[in-house]
Amino acid sequence: MTKIVAVTGNEAVANAFRQIEPDVCAAYPITPQTELMQRFASFVSNGQVKTELILVESEHSAMSACIGAAAAGGRVATATSSQGLALMWETLFIASGFRLPIVMPVVNRALSSPINIHCDHSDAMGARDSGWIQLWSENAQEAYDNTIQAFRIAEDMDIRLPVMVCYDGFIISHSIERIEYFDDEIVKKFVGEYKPLYPLLDIENPKSFGPLILTDLYHEVRKAHSEVYKNVPKVVLKVAKDFEKISGRKYGLFESYMLEDAEIGIVILNSAAGTTKDVIDDYRNKGVKVGLLKPRLFRPFPYAEIGNALKHLKALCVLDRADAFGGSFGPLYLDVAASLCNFDQKPILINRIYGLGGRDYMPEHAAGVIEELRKIAKTGKVKSLKEYIGVRE
Amino acid sequence: MEKVEVRWHGRGGQGTVTAAKVFADACLSGGRYVQAFPEYGPERAGAPLRAYNRISSKELRMHCPVTTPDVVVVVDPTLIESIDVTEGAKDDAKFIINSSKEPAELRKKLKLKPTQKLYVVDATKIAIDCFGRPMPNSPMVGALNRVTGLVDLETVLEDVKKSFGKKFSQKIIDGNLLAVKRGYEEVKEG
């Protein structure tokens, strides 16, 4: 049974948390995440969940408390945005290094400076190599669905890794949309009972977390750690398959939209993918063979699968809602380029930066990119590899 | 009806965002897809703000402001003096204005195209009559409901009850329900 409601993205994810009822949540408020934890805090104070909610003094403490609680043997969740995620940075690596299945929605927001509360992806991109799995979500439904699946993925005995669920600040977190809720029982059954692995609270069997390992074996430990990520796509797909059985909604490593017979294409994350799909429909009606790829599992990045899905195109634009200020390209572009670099046949690639600090991404921006790709596909000529779009003149 | 896009013009503190939410919630019936979202600027009482609705029989994938509205709702009549509420409106757009002025005067002031329709309701007066405060959002929801005909009045009233029920006294809720009804009944085409 499902219930159809009109709610904000934050409300939907808070409801998923209520249905899952983690043992421990440690959180600190930050816009635009605040509404999520504020709603969840009401579930706690109303007695609707038995979760131990720890109100801490910073995000560094929030993640530290989550790490402690997860190592102790509990199912643990938190949430954050922007500077909050940045402040967690050093502890993120500890959570993943300890293989703790913590789930953390990241409500994407720009980083300071200048200070800005609106959406872009610089926060999560800054943590992309922290060893956390990242699932990205186009809308409130996907944020809700990904949150539920995230617990199963994180807790899978083959991987045991922390998961971030990313969705766009304000655009999704604070907008009301129609979504389908499951009955509580369905979610509880899907997520299942938490199975701790090497819990510290099992005092009959004492163990250590976070030992010192120097030149003798650190290298080997990290190699072993990197091997774990090879199993992630398989687990993500397995969980998606089970999820489809209860929801009818299909999830994969990424979404392909009109890509198979396409000549030109766009790669784009989160809410802007929806706007782009509507514009693609308009162009398809005019006979233009354009398609889209929307990554869902961004970390670990499914290089082989994404490369194979894009290699037949003539021209491809990767749209980044974050810049990497290293004199190179946006972070998503770098990964897409890496996924294609070893194919003989591959599209001409361009990178466009859009929507920083909440700048609206409008249908005409998508149309502008499609027009440019048509020209590139026809002439083989590229005016500039990387450019900001939607800039006020 | 495939898709209706609504743009609301109001001022912070007038309940415009709540009105857009209530309307979206009411439109859920009949298996529709809905969106309601404000334009997030600095949130100050009295500052001009916009809010949007999309209502569609198909999945709504577009996640950006409405720039070519089918319906424009002006909650605060003083905004007409300072901003162009007609910007981007479709040639057959419907304008619903909270005003005590004559429709002919408003039509001239807004420079509406002959193909665009104008609806006027004195929502501030209705609000003061019904619950003693100049909060025009409830009558505007009623008027919008009448003009778009997307859902029946009963469904909207149920949603207002649900949305206001958590925060307000029975007296305020009853006043708002009456205000929605009167907005629905008193809106006039001109």
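Shielding of B:63-69 by partners, i.e. mean partner chain Cβ atoms within 10 Å per residue?
Averaged over the peptide's residues, the number is 5.
Within the stretch A:294-393, report the trypsin sites (Lys or Arg not before Pro) that DSSP leaves as loop and that have at most 13 other Cβ atoms within 10 Å.
Details: sites: A:Arg296, A:Lys311, A:Lys314, A:Arg321, A:Arg352, A:Arg359, A:Arg374, A:Lys375, A:Lys378, A:Lys381, A:Lys383, A:Lys386, A:Arg392; in loops: A:Arg296, A:Lys311, A:Lys314, A:Arg321, A:Arg359, A:Lys381, A:Lys383, A:Arg392.
Loop-located and lightly packed - A:Lys381, A:Lys383, A:Arg392.
Output the Cα-based Rg and Dmax of the stretch A:255-388 in Å, rounding Rg to one decimal and Dmax to a whole number.
So, for the stretch A:255-388, Rg and Dmax equal 13.5, 40 Å respectively.
List the trypsin sites (Lys or Arg not before Pro) within the stretch A:145-221 that DSSP assigns to loop and that have no more than 12 neighbouring Cβ atoms inside 10 Å.
On the way: sites: A:Arg152, A:Arg160, A:Arg178, A:Lys188, A:Lys189, A:Lys207; in loops: A:Arg160, A:Lys207.
Answer in residue order: A:Lys207.
Could you give the length gained by full extension between A:Lys234 and A:Phe209, i.e. 0.36 nm per residue of separation minus their alpha carbon distance, to one decimal place? Write down the numbers at each step before the final one.
Working: separation 25, 0.36 × 25 = 9.00 nm, distance 2.71 nm.
Difference between extended and current length: 6.3 nm.
Give the aspartates and glutamates whose C-alpha is closer than 15 Å to that of A:Lys375, dropping any in the same chain fewer than 8 places away, or say none.
In chain and number order, the partners are A:Glu263.
Hey, could you grab the Kirkwood Rh for chain B? Inverse mean 1/r over distinct alpha carbon pairs, Å, one decimal. Please report the intermediate quantities before stating the final value.
Values: mean 1/r = 0.0613 Å⁻¹.
After inverting the mean inverse Cα-Cα distance, the result is 16.3 Å.
Of A:Lys294/A:Lys386; B:Lys90/B:Lys167; A:Lys286/B:Lys111; A:Lys294/A:Lys378; B:Lys161/B:Lys188; A:Lys289/A:Lys381, which ones are farther than 30 Å apart at the Cα?
On the way: A:Lys294/A:Lys386 20 Å; B:Lys90/B:Lys167 37 Å; A:Lys286/B:Lys111 35 Å; A:Lys294/A:Lys378 25 Å; B:Lys161/B:Lys188 25 Å; A:Lys289/A:Lys381 19 Å.
Distance filter (> 30 Å) returns B:Lys90/B:Lys167; A:Lys286/B:Lys111.
How many partner chain Cβ atoms sit within 10 Å of a residue's Cβ in peptide B:28-39, on average, as a whole number?
On the way: counts 4, 1, 0, 2, 3, 5, 4, 7, 5, 8, 4, 2.
What the average comes to for B:28-39 is 4.
Which of the chymotrypsin sites (Phe, Trp or Tyr not before Pro) across the stretch A:309-356 are loop residues per DSSP, with 14 or fewer other Cβ within 10 Å?
Here the chymotrypsin sites (Phe, Trp or Tyr not before Pro) that fit, given the DSSP loop and packing criteria, are A:Phe325, A:Phe343.
Can you pull the one-decimal nm distance between simple spin-label points at A:Glu387 and A:Arg284, each 7 Å off the Cα toward Cβ?
About 2.6 nm, to one decimal.
Using Cα centres only, tell me the gap between the stretch A:236-262 and the stretch B:1-50 in whole Å.
32
Beyond a 27 Å Cα-Cα separation, which of these cross-linked pairs lie in this structure: A:Lys277/A:Lys383; B:Lys21/B:Lys108; A:Lys3/B:Lys21?
Values: A:Lys277/A:Lys383 25 Å; B:Lys21/B:Lys108 31 Å; A:Lys3/B:Lys21 18 Å.
The answer is B:Lys21/B:Lys108.
Does chain A come out rounded, prolate or oblate by the C-alpha gyration tensor, with a ≥ b ≥ c the root eigenvalues, rounded set by a/c under 1.5 and, if not, prolate when a/b is larger than b/c and oblate if not?
Values: a/c = 1.75, a/b = 1.49, b/c = 1.17.
Cα axes put chain A in the prolate bin.
So which lysines can A:Lys50 reach, going by Cα to Cα under 16 Å and dropping same-chain residues fewer than 8 places off?
By straight Cα distance, A:Lys50 reaches A:Lys188.
Where a Cα-Cα gap under 17 Å defines reach, which aspartates and glutamates qualify for A:Lys223, not counting those fewer than 8 residues away within the same chain?
Within reach: A:Asp129, A:Asp158.
Arranged from highest to lowest average of other beta-carbon atoms within 10 Å per residue, in what order do the peptides B:13-19, B:149-155, A:144-150 appear?
On the way: B:13-19: 22.4, B:149-155: 14.6, A:144-150: 26.6.
With the highest mean Cβ count within 10 Å placed first, the list reads A:144-150, B:13-19, B:149-155.
When the Karplus curve 6.51 cos²θ - 1.76 cosθ + 1.60 is applied with θ = phi - 60°, which whole-Hz ³J(HN,Hα) does each residue of the stretch B:77-88 get, with x for Gly and Pro?
Per-residue couplings from phi come out as x, 5, 5, 4, 6, 10, 10, 8, 6, 8, 3, x Hz.
Let's test the formula: R0 of 22 Å, r as the Cβ-Cβ distance of B:Leu153 and A:Glu364. What FRET efficiency results, to the nearest 0.05?
Details: r = 38 Å, r/R0 = 1.72.
With R0 = 22 Å, the Cβ-Cβ based efficiency is 0.05.
I need the peptides B:134-147, B:99-112 ranked by packing, meaning the mean over residues of other C-beta atoms within 10 angstrom, with the highest value on top. All intermediate terms of the calculation are to be shown ahead of the outcome.
Working: B:134-147: 26.2, B:99-112: 14.2.
Ranked from most to least packed, the peptides come out as B:134-147, B:99-112.
Please check which bits of the stretch A:285-320 a label hung off A:Asp344 would reach, taking the label as a point 7 Å along Cα-to-C-beta and the cut-off as backbone N under 15 Å.
What the label zone holds, given the 15 Å backbone N cut-off, is A:312.
Take B:Ala47, project a point 7 Å from its Cα along the Cβ direction, then tell me which residues of the stretch A:106-137 have their backbone nitrogen under 13 Å from it.
A:117-118
Mind checking which of A:Asn285, A:Asn231, A:Asn116 has the largest fluctuation in a GNM of chain A, springs on alpha carbons under 10 Å?
Among A:Asn285, A:Asn231, A:Asn116, the largest mean-square fluctuation in the Gaussian network model of chain A belongs to A:Asn285.
Shielding of A:269-280 by partners, i.e. mean partner chain Cβ atoms within 10 Å per residue? Walk me through the numbers on the way to the answer.
Values: counts 0, 1, 4, 2, 2, 6, 4, 3, 3, 5, 2, 0.
Taking all residues of A:269-280 together, the mean is 3.
Amide H to amide H, which residues 5 or more places from B:Leu49 or on other chains are under 5 Å from it, using H placed in the peptide plane?
For B:Leu49, the qualifying residues are B:Gly10, B:Arg11, B:Gly12.
What net charge is computed for the residues neighbouring A:Ala41, neighbours being all others with C-beta under 15 Å from the C-beta of A:Ala41, Lys and Arg scored +1, Asp and Glu -1?
Values: positive: A:Arg18, A:Arg39, A:Lys50; negative: A:Glu11, A:Glu21, A:Glu35, A:Glu52.
After counting each charged neighbour, the total is -1.
Please check: in the Gaussian network model of chain A (C-alpha springs, under 10 Å), which one of A:Ala154, A:Ala337, A:Ala143 has the largest mean-square fluctuation.
For chain A, modelled as a Gaussian network with Cα springs under 10 Å, the answer is A:Ala337.
Return the distance in nm (one decimal) between the two label points of a simple spin-label model at A:Asp183 and A:Asp129, each offset 7 Å from Cα along Cα→Cβ.
Calculated label separation equals 4.8 nm.
What spacing in nm lies between the two simple spin-label points modelled at A:Lys223 and B:Ile172, each 7 Å away from Cα in the Cβ direction?
Going from the A:Lys223 label point to the B:Ile172 one covers 6.7 nm.
Taking only Cα atoms and a 10 Å spring cutoff, compute GNM fluctuations for chain A and point out the largest among A:Leu200, A:Leu269, A:Leu217.
A:Leu217
Taking square-rooted eigenvalues a ≥ b ≥ c of the alpha carbon gyration tensor, is the stretch A:5-118 rounded, prolate or oblate, where a/c under 1.5 means rounded and, failing that, a/b exceeding b/c means prolate?
On the way: a/c = 1.87, a/b = 1.05, b/c = 1.78.
It is oblate, given that a/c is not under 1.5 and a/b is not larger than b/c.
Quick one: helix A:140-155 against the long Cα principal axis of chain A, what's the angle to the nearest 10°, folded into 0 to 90?
Approximately 50 degrees, to the nearest ten.
Only the coordinates and a few stated rules stand behind these numbers; no lab work does. Everything numeric in this text was worked out from a predicted model, so none of it was measured. Cβ atoms come from the backbone with ideal geometry, glycine included; neighbour counts cover every protein chain shown.
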